[in-house]
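Asker: Let me begin by handing over the structure; questions about it come next.
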Amino acid sequence: MYNILKAAHSGWAYLLLLVLVIATVNALIGLFGKREFGNRDFSFALIGLIVTHIQLLIGLVLWALSPYSSALFSNTSEVMATPALRLLALEHPLMMIIAVALLTIGYSKHKKKIVSNGKFKMLAIFYSLAFIVVLSRLPWSQWM
């Protein structure tokens, strides 16, 4: 079960990065290009939100089943002293939760805006921040 979830989580991460790039770039282009907010823009933002929430759910189940979470609770000082273990046991999960929270906040705030510029601004700010957070704590050495 653990290996299946790990493969799903890693594979879904490629889709997540692609969708986040598209949604973030679309929001930035819409903001700086002074475009009208349309159905396509809404779809990009929504798909980005859905894909990241699915990834979060897979990741939380994977983390609960992983040896990293059990090591974190049984031998905290060793995990915290080892950067690679700390990344997988603590930093990556917490930062991904923060990234999903940023995406959710940005998506919610954009729906409350009336004008297109305000919608694009909310999406551009929060999706860009979330994308930076995701890139900052990916376990690149294990993932690629």
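Just so it is clear, none of the values below were taken in a lab; they were calculated from the coordinates. Keep in mind that what you see is a predicted model, and the values were worked out from it rather than measured. All Cβ positions, glycine included, derive from the backbone under ideal geometry; neighbour counts span all protein chains shown.
Asker: Return the sequence-ordered ³J(HN,Hα) values of the range 130-139 in whole Hz as given by the Karplus equation 6.51 cos²θ - 1.76 cosθ + 1.60 applied to θ = phi - 60°, using x for Gly and Pro.
Answerer: 4, 5, 5, 4, 4, 5, 6, 10, 6, x
Asker: Give me F73, F42, F120 ranked fewest to most by other Cβ atoms within 10 Å of their Cβ, as a rough exposure proxy.
Answerer: Taking fewest neighbouring Cβ atoms as first place, the list is F73, F42, F120.
Asker: Can you tell me how much longer the chain between T82 and S43 gets when fully stretched, taken as 0.36 nm per residue apart minus their C-alpha distance, in nm with one decimal?
Answerer: 9.9 nm
Asker: Could you work out how much longer the chain between K6 and L135 gets when fully extended? Use 0.36 nm per residue separation minus the Cα distance between them, nm to one decimal.
Answerer: Length gained between K6 and L135: 44.6 nm.
Asker: Could you order peptides 121-130, 61-70 by the average number of other Cβ atoms within 10 Å of their residues, highest first?
Answerer: 121-130, 61-70
Asker: Which three numbers, in whole Å and largest first, are the semi-axes of the equivalent ellipsoid of the chain derived from its Cα gyration tensor as √(5λ)?
Answerer: Values for the chain, descending: 33, 14, 12 Å.
Asker: Quick one: the Cα spread of the range 75-144 along its three principal axes, in angstroms, biggest first?
Answerer: Over the range 75-144, Cα extents along the principal axes are 51, 24, 13 Å.
Asker: Now for a different question. Could you give me the ³J(HN,Hα) list for the range 38-47, computed from phi with Karplus coefficients 6.51, -1.76, 1.60 and θ = phi - 60°, whole Hz, x at Gly and Pro?
Answerer: Couplings: x, 4, 5, 5, 4, 5, 4, 5, 5, 5 Hz.
Asker: Can you tell which of V79, S43, M95 lies farthest toward the positive end of the dipole of the chain, using +1 and -1 charges on the Cβ of basic and acidic side chains (Lys, Arg; Asp, Glu)?
Answerer: It is S43.
Asker: Here is a follow-up. For F37, list long-range residues whose amide hydrogen, built 1.01 Å from N in the peptide plane, is under 5 Å from its own amide hydrogen.
Answerer: It is S116, by chain and number.
Asker: Let me ask you something else. Can you tell me the dipole magnitude for the range 2-143 around its Cα centre, using point charges on the Cβ only (Lys, Arg +1; Asp, Glu -1), in Debye to the nearest 20?
Answerer: 620 debye
Asker: While we're looking at this one, here's another question. Considering only C-alpha atoms, what is the centroid distance from the range 85-144 to the range 62-81, in Å?
Answerer: The range 85-144 and the range 62-81 have Cα centres separated by 24 Å.
Asker: Separate question: Using +1 at the C-beta of Lys and Arg and -1 at the C-beta of Asp and Glu, which of H9, I105, I29 has the Cα lying farthest in the positive direction of the dipole of the chain?
Answerer: Farthest towards the positive pole: I29.
Asker: Counting only pairs 8 or more places apart or on different chains, how many lysine pairs in the chain have C-alpha atoms closer than 14 Å?
Answerer: 8
Asker: Here is a follow-up. Through the Karplus equation 6.51 cos²θ - 1.76 cosθ + 1.60, θ set to phi - 60°, convert the phi angles of the range 57-70 into ³J(HN,Hα) values in whole Hz; use x for Gly and Pro.
Answerer: Coupling constants for the range 57-70: 4, 4, x, 5, 5, 4, 4, 5, 8, 7, x, 5, 5, 5 Hz.
Asker: Please state, to two decimals, what the Cα-based radius of gyration of the range 39-87 comes to when divided by 2.2 N^0.38 Å (N = residues).
Answerer: 1.69
Asker: Mean separation of Cα pairs under 8 Å and 6+ residues apart, divided by the residue count of the range 2-143: what relative contact order is that in percent?
Answerer: After rounding, I find 32 percent.
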